1. Mind grabbing the accessible area of Leu170 for me, 1.4 Å probe, Å², rounded to tens?
2. Please label the shape of the stretch 43-110 as rounded, prolate or oblate, based on the square roots a ≥ b ≥ c of the eigenvalues of the alpha-carbon gyration tensor (a/c under 1.5 means rounded; beyond that, a/b larger than b/c means prolate, else oblate).
3. For Ile70, tell me the accessible area in Å² from a 1.4 Å probe, rounded to the nearest 10.
4. Accessible area per residue for the chain in Å², computed with a 1.4 Å probe and the full protein assembly in place, what is it?
5. As a check on your grasp of the helix formula, calculate [θ] at 222 nm for the chain: sum -39500 (n - 2.57) over DSSP H runs of n ≥ 4, divide by the residue count, round to the nearest 500.
6. Given the pairs Lys149/Lys209; Lys57/Lys207; Lys128/Lys149; Lys9/Lys142, which are separated by over 27 angstrom at their Cα positions?
7. What number comes out for the charge environment of Glu19, summing +1 per Lys or Arg and -1 per Asp or Glu over other residues with Cβ under 10 Å away?
8. What percent of all Cα-Cα pairs in the chain falls into each 5 Å bin, going from 0 up to the bin containing the maximum distance?
Amino acid sequence: MKQLDEILKQPVLPVLAIEDPARAVPLAQALMDGGLDTLEVTFRTEAAAESLRRIRKEVPAMHVGAGTLITPDQARSALDCGVEFGLAPGLDARIIRLFQERDIPFMPGVMTPSDIQRGIELGCLCQKFFPAETSGGVAQLKAMAAPFKSFKLRFCPTGGITLANLNSYLALPEVFIVGGSWLATPQQIAAGEWARITEQVRASLLKAKEV
Ligand code: 3PG
């Protein structure tokens with residue numbers, strides 16, 4: 001299976017909870033104006049699939065992924081939208097297989113060494129460390145990843161990442177990207193605060209250059 005770090009080349013990944021699909025295209029454009037070419041639409045909302053379809057159609061230069069894929073049905077729905085990658089808060093072998101069958105990269109969520117081992121067994125060398133901040137943050141990830149060095153795992157911490165702490169994660173060699181809603185919060189999306197979102201993206205990309 002292709003791994004996620006082969007297609008995600010930027011240091012930050014916006015996790016987008018979109019309630020109204022009419023917001024999807026202007027939101028994707030606002031992110032692109034800030035310098036991003038990749039986004040994740042989370043299946044936390046009913047509008048996720050329709051939002052993904054609209055972004056794929058109207059903003060074809062944007063690489064789109066689906067997050068919070070908890071059931072195989074959600075995974076199928078995301079794949080049918082043409083997503084280029086998938087993520088989940090946890091690890092479900094059925095969902096991983098659905099993505100592997102189509103050779104689309106998938107990143108399961110992990111929080112313990114056992115989760116990491118299961119991910120390795122299933123061929124997932126990129127894993128989402130979730131929820132990062134409340135599970136012990138940078139120190140926890142560092143300690144937990146240490147025994148797996150020979151597998152060359154790469155992690156995407158999410159959960160509690162902000163402009164203030166993103167570089168403490170990006171400084172770890174095994175972290176290839178950090179994700180979260182700080183780049184475009186559900187409230188900002190609902191209010192259509194596009195200029196603010198563009199500015200947050202710019203600030204985060206600039207900050208990430210420091211590491
Ligand atoms: C996710 O779905 O990956 C996380 O909930 C994002 O967490 P955040 O809202 O704390 O950034």
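1. About 30 Å², rounded to the nearest 10.
2. prolate
3. Probe radius 1.4 Å; accessible area of Ile70 about 100 Å².
4. So the chain comes to 44 Å² accessible per residue, rounded to a whole number.
5. -11500 deg cm²/dmol
6. Lys57/Lys207
7. Around Glu19, the surrounding residues sum to 0.
8. 1, 8, 17, 20, 21, 17, 10, 4, 1, 0
The values are calculated or read from the model by the stated rules, or taken from the named source; none is laboratory data. The model shown is predicted, which means the values in this text are computed figures rather than measured ones. No Cβ is skipped: glycine too gets one built from the backbone with ideal geometry, and neighbour counts run over all protein chains shown. For accessibility, only protein heavy atoms count, side chains too; no ligands or nucleic acids. Shrake-Rupley method; radii C 1.70, N 1.55, O 1.52, S 1.80 Å.
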